[in-house]
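Novice: For reference, the structure I am asking about is given below.
Throughout, read-outs are computed from the coordinates displayed, never taken from laboratory work. On a predicted model such as this, the values are computed, not experimentally measured, just so you know. A quick note on method: Cβ atoms are made from the backbone with ideal geometry, for glycine too, and the neighbour counts reach across all protein chains shown.
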Amino acid sequence: MTHQQNTLNDPMKMYRDKRDMARKRVTDKYAIQGFISSGTYGRVYKAQSKESDGRIHAIKKFKPDKEGDVVTYTGISQSAIREIALNREISHENVVALKEVILEDKSIYMVFEFAEHDFLQVIHHHSQSRTAVPMPVLKSLTYQLLNGLLYLHNAHIIHRDLKPANILITAGGVVKIGDLGLARLTYQPLQPLFMGDKVVVTIWYRAPELLLGAKHYNKAVDVWAVGCVMAELASLRPIFKGEEAKLDAKKNVPFQKDQMLKIIEVLGTPEERDWPGLKNLPEYSSLQRLDKYHDRLGEWCRTRLNSKEAFELLRQLFAYDPDNRLTAKEALQHKWFQEDPRPTLNAFASLAPNQGYPQRRITHDDAPSMIPLPAASQAQTQTQAQQLAQVQAQAAHLSQQLSTHPHSGKAGSAASFASLSGGAAGVGSGHARKKTRLG
Amino acid sequence: MATDFWVSSHYLRWNVDSAVLRQARAEDIQYVDHPEYLDFLALFFAGLIAKLGKKLSLRQRVIATATVFFRRFYLKNSYCETDPFIVIAACCYVAAKAEESPVHIKNVVSEARSLFSSEATTLYSGIKTFPSDNAKLAEMEFYLVGDLECDLTVFHPYRTLMTLCWKEGSDVISEAEAGELGAGIDDGPRYWGTGEGKLEMHEGALQMAWFIINDTYRSEICLLYPPHLIAITAIYMACAIHQETRGDIEKQTQSGAYAFSGSQGSQGLTRRSSRPSSSSYKRQQPQDIVGFLAGLNVNMALIATITQEIVSLYALWDRYSEDATTDSARASLKRSASGSRPEIITPGLLIQLLWRMREARSADLSGAHSTPGRPVAVNKMLERAQAAG
């Protein structure tokens with residue numbers, strides 16, 4: 001085929017060839033150390049930069065689209081576009097930093113800074129060792145979480161999926177909010193938020209206005225989730241652990257009765273006087289049909305959060321009326337953070353050296369094709385094999401460590417890096433953290 | 001981020017100067033008789049983006065984002081080495097997602113095909129290569145996002161215009177664009193200037209400013225200047241063109257107010273800004289527009305430059321016609337005496353030009369003149385060698 005004919009049939013071939021030649025491949029820049037987790041979005045790997053700094057990263061590979069066995073282009077998902085677009089603009093100590101995006105062979109790789117721990121892992125660690133999260137740690141984690149959230153909210157980003165698995169912590173005790181796959185810019189939206197995603201926020205962390213079918217919601221949904229996360233750090237289990245009602249055949253969103261019940265069992269049945277506008281919410285009549293409860297958050301806190309100020313903060317994070325709920329900024333100014341122990345920059349600062357949390361567990365990838373090996377020389381292949389052996393040895397070592405704890409059969413929160421959007425992979429507690437996405 | 005333009009990818013990586021623009025067209029310019037044709041192509045492509053966007057029912061802001069993506073793509077590529085039509089479709093497809101109002105890929109493909117390959121109209125009959133396969137468009141999207149360096153958040157002058165001039169009940173903007181106000185909208189602080197005060201414009205003038213902003217996307221102005229300056233230029237031009245507004249300003253300046261406009265203007269601003277509900281504050285006098293513009297704390301020389309650019313764009317646009325009948329008759333007859341350049345430029349002519357550019361480029365690359373060391377040329381040689389062997 002002559003060049004000219006070629007150009008006429010596929011005028012962009014020359015362009016693509018040029019770009020393909022210039023492109024640096026993932027495996028040129030990073031040595032994959034092992035597999036961290038998977039979810040509906042794809043898979044996450046731990047990788048070391050081949051640059052001189054040798055930094056550790058987490059590489060999130062979006063699942064390529066397949067038609068039969070052939071990988072094909074079907075268009076980049078809205079969620080990937082969102083996560084990429086938002087991450088390219090933001091930069092904050094308490095939000096996971098995106099280093100770069102690599103587009104290669106029909107796949108998208110997002111290279112993030114690596115974080116050794118996450119809230120879910122910390123919670124599991126304590127629930128397995130039957131110890132409480134030390135108050136200085138709990139307070140620092142909550143403070144830094146709110147600090148990251150304040151940044152996002154100031155930038156007009158609603159996260160919409162805050163939960164322990166999505167909130168990472170570096171080895172140095174710095175909180176990093178992760179997974180902006182469901183996050184949205186709310187500055188002058190072209191269409192109302194509920195049009196895009198009918199269901200947002202994992203059920204246990206979902207704010208009452210969402211459960212009651214509000215068409216308009218705002219940043220306050222994230223603040224509610226922070227309340228849930230703080231309570232979970234204190235009690236080591238989700239405070240409102242409801243059963244999710246499934247979508248019906250027509251994909252209508254049902255009233256999440258059980259989840260609402262779990263909330264009112266602790267916080268009491270909401271009244272029109274604490275939440276003006278309550279009566280106008282679509283699911284108000286469903287709420288009326290539930291049994292009535294009194295507020296017993298104080299009682300809940302007494303055994304779990306032995307601090308009056310902590311209780312006060314939680315109370316205000318759990319305000320039923322979204323307009324009455326604290327903002328991230330107000331929460332940061334709460335008295336609890338001003339009384340001793342003060343929050344620290346390194347959330348683990350108060351821990352003794354032997355009190356640390358286990359490292360994130362990595363495993364050998366059971367789907368090695370996800371990161372293609374370079375068409376490499378023998379030597380390179382050998383190095384890879386050595387690395388793999390190392391990884392496996394390390395994993396074995398880690399699982400030995402873990403097995404000293406009574407219930408640590410599973411990978412635990414190692415599987416939770418950068419969230420499990422579908423809740424598909426195993427989470428240590430045995431409960432799938434559910435979230436349904438529509439549209 | 002949404003409020004902080006100064007740390008945005010838009011400001012940090014995509015505000016370019018005219019030298020960068022010239023460099024970006026260095027290859028294309030070898031294949032046109034006059035640099036002006038490249039401006040006509042820029043005008044023509046933006047028009048196609050707007051047409052495709054309308055067919056897909058995209059909002060104006062989505063169309064603007066698509067146009068900015070297109071311009072950014074061609075900062076790194078040449079018209080003569082690519083197929084701008086599939087790039088246009090991919091820009092619309094990605095922009096819809098980036099602006100949170102996605103459209104299905106098959107709609108983009110079918111609308112683009114009907115727009116670009118329609119045999120019924122002679123206008124675009126030159127464009128025959130638009131693929132019917134969704135995967136082709138998705139592939140283009142993939143490469144496009146790569147060339148955009150994944151910077152998908154774009155700032156537009158519309159936002160400044162709304163912040164500066166939007167008022168409750170103004171149907172120009174609220175109907176056309178604002179969408180569901182109240183759905184999580186809170187006015188962030190203005191990212192430049194004093195951040196205070198609103199200009200109360202005549203409805204007609206406001207609409208005119210809006211249209212001027214739409215028009216700026218037909219040129220490369222959106223790459224050269226930050227969006228808030230483009231918005232202020234549009235306000236400034238609308239004030240000068242809109243009859244009633246101009247009348248007001250003339251009255252103010254003739255009555256001697258102009259001499260004191262600086263101090264009066266700033267007084268007026270402080271008064272208004274001290275009251276958040278400025279709409280309830282009834283002014284006795286019409287607002288001092290000149291004073292308001294002077295008080296914006298932006299580089300007025302730059303505003304003048306942008307005004308010049310917009311005026312030049314309109315001059316160029318006057319010589320462009322999509323009226324198909326001019327294609328054959330007027331365009332070919334009306335050739336200026338000084339050269340062979342036709343006075344009226346039509347889409348048909350531009351498509352032919354594009355084809356000639358592409359063919360010439362292709363011939364150059366595959367011919368003996370191809371620069372050694374170019375990856376593409378090497379690749380082609382390899383391909384031929386393989387075919388021969």
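Novice: Work out the FRET efficiency for B:Tyr11 and B:Ala294 from their Cβ-Cβ distance, taking R0 = 25 Å, and round it to the nearest 0.05. Working shown, then result.
Specialist: Details: r = 24 Å, r/R0 = 0.98.
E(calc), rounded to 0.05, equals 0.55.
Novice: What is the order of B:Trp210, A:Trp224, A:Trp336, fewest Cβ neighbours within 10 Å to most?
Specialist: Working: B:Trp210 23, A:Trp224 26, A:Trp336 19.
If I rank by nearby Cβ atoms, fewest first, I get A:Trp336, B:Trp210, A:Trp224.
Novice: Work out, step by step, the length gained on full extension between B:Ala240 and B:Ala360: first 0.36 nm times the residue separation, then minus their alpha carbon distance; give nm to one decimal. Mind showing how you got there, number by number?
Specialist: Working: separation 120, 0.36 × 120 = 43.20 nm, distance 4.54 nm.
Gain in length upon complete extension: 38.7 nm.
Novice: Report the full-extension gain for the segment A:Gln359 to A:Glu271: residue separation times 0.36 nm, less the Cα-Cα distance, to one decimal in nm. Numbers along the way, then the final one.
Specialist: On the way: separation 88, 0.36 × 88 = 31.68 nm, distance 4.57 nm.
Full extension of this stretch gives 27.1 nm more.
Novice: Can you tell me the FRET efficiency between A:Asp321 and A:Asn252 if r is taken as the Cβ-Cβ distance and R0 is 35 Å, rounded to the nearest 0.05? Walk me through the intermediate numbers first.
Specialist: Details: r = 27 Å, r/R0 = 0.76.
In this case the efficiency is close to 0.85.
Novice: Further, regarding this structure: What pairs from B:Lys51/B:Lys136; A:Lys176/A:Lys257; A:Lys99/A:Lys329; A:Lys60/A:Lys99 go past 23 Å between their alpha carbons? Show your work: numbers first, answer last.
Specialist: Numbers: B:Lys51/B:Lys136 21 Å; A:Lys176/A:Lys257 33 Å; A:Lys99/A:Lys329 28 Å; A:Lys60/A:Lys99 11 Å.
Over 23 Å apart, Cα to Cα: A:Lys176/A:Lys257; A:Lys99/A:Lys329.
Novice: A:Ala171 versus B:Glu322, label points 7 Å from Cα toward the beta carbon: distance in nm?
Specialist: My value for the distance between the label points is 6.0 nm.
Novice: Hey, got the average number of other protein chain Cβ atoms within 10 angstrom for residues in A:15-22?
Specialist: Numbers: counts 10, 5, 6, 7, 7, 3, 4, 1.
Mean inter-chain Cβ contacts per residue within 10 Å come to 5.
Novice: Return the distance in nm (one decimal) between the two label points of a simple spin-label model at A:Gln288 and A:Ser350, each offset 7 Å from Cα along Cα→Cβ.
Specialist: Modelled inter-label distance: 4.7 nm.
Novice: Further question on the same structure: Mind checking the mean number of beta-carbon atoms from other chains within 10 Å of the Cβ atoms in B:88-98?
Specialist: On the way: counts 0, 0, 1, 0, 0, 2, 4, 0, 3, 9, 6.
That average works out to 2.
Novice: Can you put A:Leu146, A:Leu345, B:Leu52 in order, fewest other beta carbons within 10 Å first? Don't skip to the answer; put the middle values down first.
Specialist: Numbers: A:Leu146 30, A:Leu345 12, B:Leu52 24.
The fewest-first ordering by Cβ neighbours comes to A:Leu345, B:Leu52, A:Leu146.
Novice: Let me ask you something else. For a footprinting-style exposure proxy, rank A:Arg302, A:Arg325, A:Arg315 by other Cβ within 10 Å, fewest first.
Specialist: On the way: A:Arg302 11, A:Arg325 25, A:Arg315 16.
Taking fewest neighbouring Cβ atoms as first place, the list is A:Arg302, A:Arg315, A:Arg325.
Novice: Please work out the FRET efficiency for the pair A:Lys241 and A:Lys99, using the Cβ-Cβ distance as r and a Förster radius of 41 Å; give the result to the nearest 0.05. Don't jump to the answer; show the numbers that get you there.
Specialist: Working: r = 36 Å, r/R0 = 0.87.
Using R0 = 41 Å, I get an efficiency of 0.70.
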